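K.L.:
I'd like to ask you about the structure that follows.
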Amino acid sequence: HGIMQAMSIDYSDKNPALGSLYGSHIASVRARHDHALESSGANHAVIFSGCPKTVFFDDQQYPFKANAHFLSWAPLPNLPLSYIVYTPGDQPRLVYYLPHDYWHPVPGQPDGYWTGEFDVRVVHTVDEIAQHLPEDRDKCILIGEIDNPAHAFGIDRVNPTSAINILHYARGIKTEYEVACLRLASHRGASGHVAAAAAFRDGQSEFDIHRAYCKAVSHTDNELPYANIVALNSHGAVLHYTEFDREAPQPLRSFLIDAGAQVHGYASDITRTYAYDDARFAELIERMNTAQLDICSRIRAGVSYSELHVETHRILAAVLVDAGLVNGDPDALLATGVSSAFFPHGLGHLLGIQVHDVGGFMENESGTTIDPPSGHPFLRLTRLLEEDMVLTVEPGIYAIDMLLENLRGTPAESHVNWDGVGWLRPFGGVRIEDNVRVTATGCENLTRDAFATIL
Ligand code: GLY
Ligand code: MN
Ligand code: MN
């Protein structure tokens, strides 16, 4: 029943609720481009969607991934060789490439809530594109990946740093439309997680759980915002475990799934961990769930995410003590590197069109960056939190021998309960990851809200 409800949600570009927010989204995107153009002394921004890449000495193409800047204008992830032309004060122009091609599927005619915001020029050949670009090419900047100089149509200024910095910094704050897409993406992902959990209960292999997930979210592998992590038992300790065993292991112990979905190019990035039937592992998951909610409750505008990351080490040190995996006080566990051996990645990252969205290290729009705290090089978000940032909160603890063995012969060694590590090893680890929107007083948890409407 829950899944049926999920499927009745309108993820399409006919969704009137998204349509009603799109105009003000475009107003924000225009404003940030006005600013970027002013700072780079140009009159027109030309945003290129991208060109499919071909495999070396082959005629196969890699899956097409559109330029995220193009997607920030229009919900068109499958429109290669197309251009948005923006001149402040004018309606943005969309040069929409609709080739005559009987070998490949071609895009449909322009249709959807987004069409009203553009002066759409449908072209059928690459040669026709030039006539729709501004004539004064030296007053243009081009934003996009140019592998073939012909696709720049004589525009010399490609991705000027000052403009890119302004656009990347601005993308850290989401518009209402983007938040609506991200809510839907969390909803779509949560429906996949519910199906995956059922497949795990049913004893299915990683491969079949992955397929159940993809079916529930209605994505091919290429449409997923990142490669699914579907890890049974000890595989949960491989942080980016992206292979799928075709057979389920015996006995089944644990299941860690890190999988997202996308809606109009906006991603969710969700992790859940389940125990099959081990009470101690179930208890560890429950402790991690409580810890993760505690961390979420500390989020609000003005908070330093770097400090929250370090605070997370203290919170997880307490979980490790309670779970019988380590002993000692949190300060000693941090100082000796014990917490980092169990929790060796960042607390989270900005989320948007890119799963690891741009701008997480930026101090301002001029490109100054903020380093992660010393000893925490993997943290990808060091900006002070602001209202309407959307980010992940993903604490985890794992039995990673490669890291834990490094503690031998150091002051950390005596803090580790090695029997406890031996117990955890066949379960892999626990990670719980939600997507949240920062507010003035707290956060909106897009992922928990989504699960609540499905379950
Ligand atoms: N799925 C990648 C990450 O959690 O950052
Ligand atoms: Mn993830
Ligand atoms: Mn993540």
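The values are calculated or read from the model by the stated rules, or taken from the named source; none is laboratory data. Note that the structure is a prediction, hence the values are computed from the model and not measured. In this analysis, Cβ positions are derived from the backbone assuming ideal geometry, glycine residues included, and neighbour counts consider all displayed protein chains.
K.L.:
Where residues in region 184-210 are of a type in the set (D, E, K, R) and surrounded by fewer than 22 Cβ atoms within 10 Å (Cβ to Cβ), which of them is farthest from the chain's Cα centre (by Cα)?
P.N.:
So the residue we want is 202.
K.L.:
For the condition more than 16 Å from ligand 1 (Cβ to nearest atom) and buried (at least 24 other Cβ atoms within 10 Å of the Cβ), what is the one hit in 316, 293, 350?
P.N.:
316
K.L.:
Could I ask something else about it? So if I check each of 132, 124, which one is touching a Pro at 6+ places or on another chain (Cβ under 8 Å) and at pLDDT 95 or above?
P.N.:
Step by step, each of 132, 124 is checked, and only 124 is touching a Pro at 6+ places or on another chain (Cβ under 8 Å) and at pLDDT 95 or above.
K.L.:
Based on this model, can you work out whether residue 383 counts as within 26 Å of residue 327 (Cβ to Cβ), away from ligand 1 (no atom under 16 Å from the Cβ) and of a type in the set (Lys, Arg)?
P.N.:
no
K.L.:
Name the single residue that is nearest to ligand 1 (Cβ to nearest atom) among those in region 237-256 being outside any helix (DSSP H, G or I) and buried (at least 23 other Cβ atoms within 10 Å of the Cβ).
P.N.:
The extreme case among them is 256.
K.L.:
Considering each of 81, 94 in turn, give the residue that is outside any helix (DSSP H, G or I) and on the phi > 0 side of the Ramachandran plot.
P.N.:
81
K.L.:
Need at least 3 residues that are within 16 Å of ligand 3 (Cβ to nearest atom) and either modelled with pLDDT of 95 or more or out of contact with any Phe, Trp or Tyr (no Cβ under 6 Å at 6 or more places or on another chain) (or both) per element, so show me which strands (runs of 3 or more DSSP E) inside region 406-454 make the cut, counting only ones lying wholly within it.
P.N.:
Passing ranges, in order: 429-431, 434-438.
K.L.:
Another question, then. Restricting the search to region 319-347, which residues are on the phi > 0 side of the Ramachandran plot and surrounded by 22 or more Cβ atoms within 10 Å (Cβ to Cβ)?
P.N.:
The answer is none; no residue qualifies.
K.L.:
Let me ask you something else. Please name all residue pairs, on different chains or six or more residues apart, with Cβ atoms under 6 Å, provided the first residue is in region 102-114 and is touching a residue at least 40 places away in the same chain (Cβ under 8 Å) and at negative phi and the second residue is among the aliphatic types (A, V, I, L, M) and surrounded by 17 or more Cβ atoms within 10 Å (Cβ to Cβ).
P.N.:
114/74
K.L.:
Let me ask something else. Residues that are touching a residue at least 40 places away in the same chain (Cβ under 8 Å) and either farther than 19 Å from residue 438 by Cα or within 16 Å of ligand 2 (Cβ to nearest atom) (or both): list the helices (runs of 4 or more DSSP H) wholly contained in region 257-365 that include at least 3 such residues.
P.N.:
279-297, 305-322, 338-342
K.L.:
May I pose another question? How many residues does region 383-423 hold that are buried (at least 20 other Cβ atoms within 10 Å of the Cβ), within 22 Å of residue 175 (Cβ to Cβ) and touching an Asp or Glu at 6+ places or on another chain (Cβ under 9 Å)?
P.N.:
Total satisfying the criteria: 5.
K.L.:
May I ask you to verify whether residue 22 is buried (at least 19 other Cβ atoms within 10 Å of the Cβ) and either of a type in the set (Lys, Arg) or modelled with pLDDT of 95 or more (or both)?
P.N.:
Yes, satisfied.
K.L.:
So which residues in region 378-405 are more than 31 Å from the chain's Cα centre (by Cα) and either within 16 Å of ligand 2 (Cβ to nearest atom) or touching a residue at least 12 places away in the same chain (Cβ under 8 Å) (or both), if there are any at all?
P.N.:
Scanning region 378-405 gives no hits.
K.L.:
State all residues of region 70-94 that are in contact with a strand residue (DSSP E or B) (Cβ under 6 Å, 6 or more places away or on another chain), closer than 19 Å to residue 116 by Cα and not aromatic (Phe, Trp, Tyr); if no residue qualifies, say none.
P.N.:
Selection gives 82, 84, 85, 87, 91, 92, 93, 94.
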